[in-house]
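Worksheet for the structure shown next.
The values are calculated or read from the model by the stated rules, or taken from the named source; none is laboratory data. Predicted model only: the values in this text are computed from it and were never measured. Note: ideal-geometry Cβ built from the backbone for every residue, glycine included; neighbour counts use all protein chains shown.
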Amino acid sequence: MYLGVKWSPPKEEVNFIMAFTNNRKVLDFVEKSAQLAMPDKIVWIDGSEAQLAALREEAVKTGEMIELNQEKLPGCYYHRTAKNDVARVEDRTFICCKKEEDAGPINYWMDPEKAYKLCGEIARGKMKGRTMYVIPYSMGVVGSPFSKIGVEVTDSIYVVLNMAIMTRVGLDCYAALGEDGDFIKGFHCKCDVDPEKRYIMHFPEDDTIISVNSAYGGNVLLGKKCFALRIASYLGKQEGWMAEHMLILGVTFPNGEKHYVAAAFPSACGKTNLAMLIPPKHYLEKGYKVETVGDDIAWIRVGKDGRLWAVNPENGFFGVAPGTNEKSNPNALAATKRGTIFTNVAINPEDNTVWWEGLTKPAPAKLIDWLGNPWTPESGVKAAHPNSRFTAPAVNCPCLSPEFDSKEGVPLDAIIFGGRRASTTPLVYQSRDWDHGVFVGSIMSSETTAAATGAVGVLRHDPMAMKPFCGYHMADYFGHWIEMGKKIENPPKIFNVNWFRQDENGEFLWPGFGDNMRVLEWILKRCAGTVDAQETAIGYVPYAKDIDLEGLDYSKETLERILYVDKARWAAEAEEIEGYYEQFGDRLPKELRASLETLKKNCAN
Ligand code: SAT
Ligand code: MN
């Protein structure tokens, strides 16, 4: 795979290798990686607490991590990334398939040979003086038919410790692979954290990921976006399943019935908050309960019963810290109270705990900001980076679903798409059927956030919230959705929501957070066929009377306003979509073109 430089691992390391796995593909991958990067030492991660504890200690000694107040935040640590390395880098993220046209117009593409050579040159010898860690991990419960194994090599303890939270790391992964099993190869080298030489390369045809010159989560925790979305979406297309940028939650009704929904929103648009929602008081009193299966990624298959079944392949939450507080998301906050790694938030030096914008009001008088500088509320800059994160173990979450570890997953009643749109898109609407639902997902637009580098607040198309994460041609991905629809006897209903409508002064028109339960209830009633809806140009929209406003100081007029489908605006939207679709040419499924024609027709009369 890499252009060779002679390197021979110390003998005892080889024996160590043999003790852990005799999978020759793993051994070959590790040896080739070492030949390229030339680490002083190879450490085989076994997932044991003893080994992780030793690594934490080492990272604290070198300054890579800071130990936080162990009484208030047991097992919690703090890490700062380089100032130039705080978010995903979409323009340096490549899909490296043989044919450029297979990557499609939305992805950055590089010829695989060129990409291997480029990364090989960049990473050559860059682990000299460092240790290379070999992380065996599973996306999904080991032994589930949904699950897939990866092996990531990295020169970063921070990556090892984050992977140990976010995925299932352990030697049972090698056992699952056996002597000859295939896995996703992940090579990560932080090199010099040089933004000009930063590349996140995906080779879907070779089951390989290479990441160089970054140490930020989304670029280097290779099980997450790189594997569980980009590579997995490609595998899903080949193998007849789906890898989606979706949370999964379960709603328990007062009669004990459970219903599950999956929802796709772009990064930093509230997936974690919706997944961990606490319903308004009167719902709780009636016995409603919301439980979290996942907050970011769903792997979805057709079950024997002809329904769609979903698992969360992850094992933790890599959540956006700013805005998370006792009111907005007490469950996420509770999840961060132990065994959590905080990245680029602020430190409160008074008690060696963490702080970020929105955690408490007012802010503490003195902090150390994410850059390591003294900070006061008068500083005029943010104390925590807007994309600062917590990496929290899923088991910490008070509302974690009992189905979290289920090998079969959970059956979906509804799929929800949603973006951040100040106007046009109503609070909620339902698609007419599966194919129209695929259209609704394909036309998603959302304002950009701090989760990726570049301007924030710019409206852009983000189909199914997969724009940065689809490992192949986006039109073929739409086609895969259409094809899946044909295989599902009992498909979930598909909806679109928008929690982010604003008035003329930029004030949000919907309270969001726990009150989104009111919309979820309507969605589930639609699935059960127990509530009516009005047919509009874009699909089915609730009658205002059917959204429960009990206990909320909220006017029916405002509700009607955010449910209103403005045909003139949608006519303009349709025209814009037509332009957007042009880039897909003939590869765009005819079903989507037909839905666009229907939209245009509906808006014209
Ligand atoms: O940085 S990540 O890609 O892991 C999180 C996100 O942007 O959704
Ligand atoms: Mn995400």
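Worth pointing out:
- Test: Gly236 is crowded, with 20+ Cβ neighbours inside 10 Å, within 16 Å of ligand 1 (Cβ to nearest atom), at pLDDT 95 or above and at negative phi: no
- Pairs meeting the criteria (first residue in segment 288-308 and more than 16 Å from Lys493 (Cα to Cα) and free of Cβ contacts under 8 Å to residues at least 60 places away in the same chain, second residue within 16 Å of ligand 1 (Cβ to nearest atom) and among the aromatic types (Phe, Trp, Tyr), beta carbons under 6 Å, at least 6 apart or on different chains) are Asp295/Phe317.
- Strands (runs of 3 or more DSSP E) fully within segment 430-518 counting 1 or more residues that are within 30 Å of Phe203 (Cβ to Cβ), among the small types (Gly, Ala, Ser) and within 16 Å of ligand 2 (Cβ to nearest atom): 445-447
- Matching residues, segment 359-394, being of a type outside the set (A, V, I, L, M, F, W, C) and either part of a strand (DSSP E or B) or in contact with a Ser or Thr (Cβ under 7 Å, 6 or more places away or on another chain) (or both): Lys366, Pro374, Ser388, Arg389, Thr391, Pro393
- Considering the conditions (1) part of a loop (DSSP other than H, G, I, E, B); (2) touching a helix residue (DSSP H, G or I) at 6+ places or on another chain (Cβ under 6 Å); (3) away from ligand 2 (no atom under 16 Å from the Cβ), Gly256 is excluded by exactly one of them, (2).
- Screening Gln238 on (1) in a loop (DSSP other than H, G, I, E, B); (2) free of Cβ contacts under 8 Å to residues at least 40 places away in the same chain shows it passes everything except condition (1).
- Test: residue in segment 89-97 that is more than 16 Å from ligand 2 (Cβ to nearest atom) and closer than 25 Å to Ala384 by Cα: yes
- Note on segment 54-170: enclosed strands (runs of 3 or more DSSP E) holding 2 or more residues that are in the same structural domain as Arg198 (by TED's automatic domain parsing) are 93-95, 131-139, 148-154.
- Qualifying position, being closer than 19 Å to Glu291 by Cβ and surrounded by fewer than 16 Cβ atoms within 10 Å (Cβ to Cβ), among Lys361, Lys407: Lys407
- When each of Glu71, Glu57, Glu90, Glu64 is tested for being in contact with a helix residue (DSSP H, G or I) (Cβ under 7 Å, 6 or more places away or on another chain), at pLDDT 95 or above and either of a type in the set (Gly, Ala, Ser) or under 30 Å from Pro393 (Cα atoms) (or both), the lone residue that passes is Glu64.
- If the condition is being hydrophobic (A, V, I, L, M, F, W, C) and modelled with pLDDT of 95 or more, then segment 260-290 contributes Val261, Ala262, Ala263, Ala264, Phe265, Leu274, Ala275, Met276, Leu277, Ile278, Leu284, Val290.
- Unmet criterion (only one of (1) in contact with a helix residue (DSSP H, G or I) (Cβ under 9 Å, 6 or more places away or on another chain); (2) farther than 30 Å from Gly372 by Cα; (3) more than 16 Å from ligand 1 (Cβ to nearest atom)) for Glu121: (1)
- Residue tally, condition basic (Lys, Arg) and within 14 Å of ligand 1 (Cβ to nearest atom), over segment 436-471: 1
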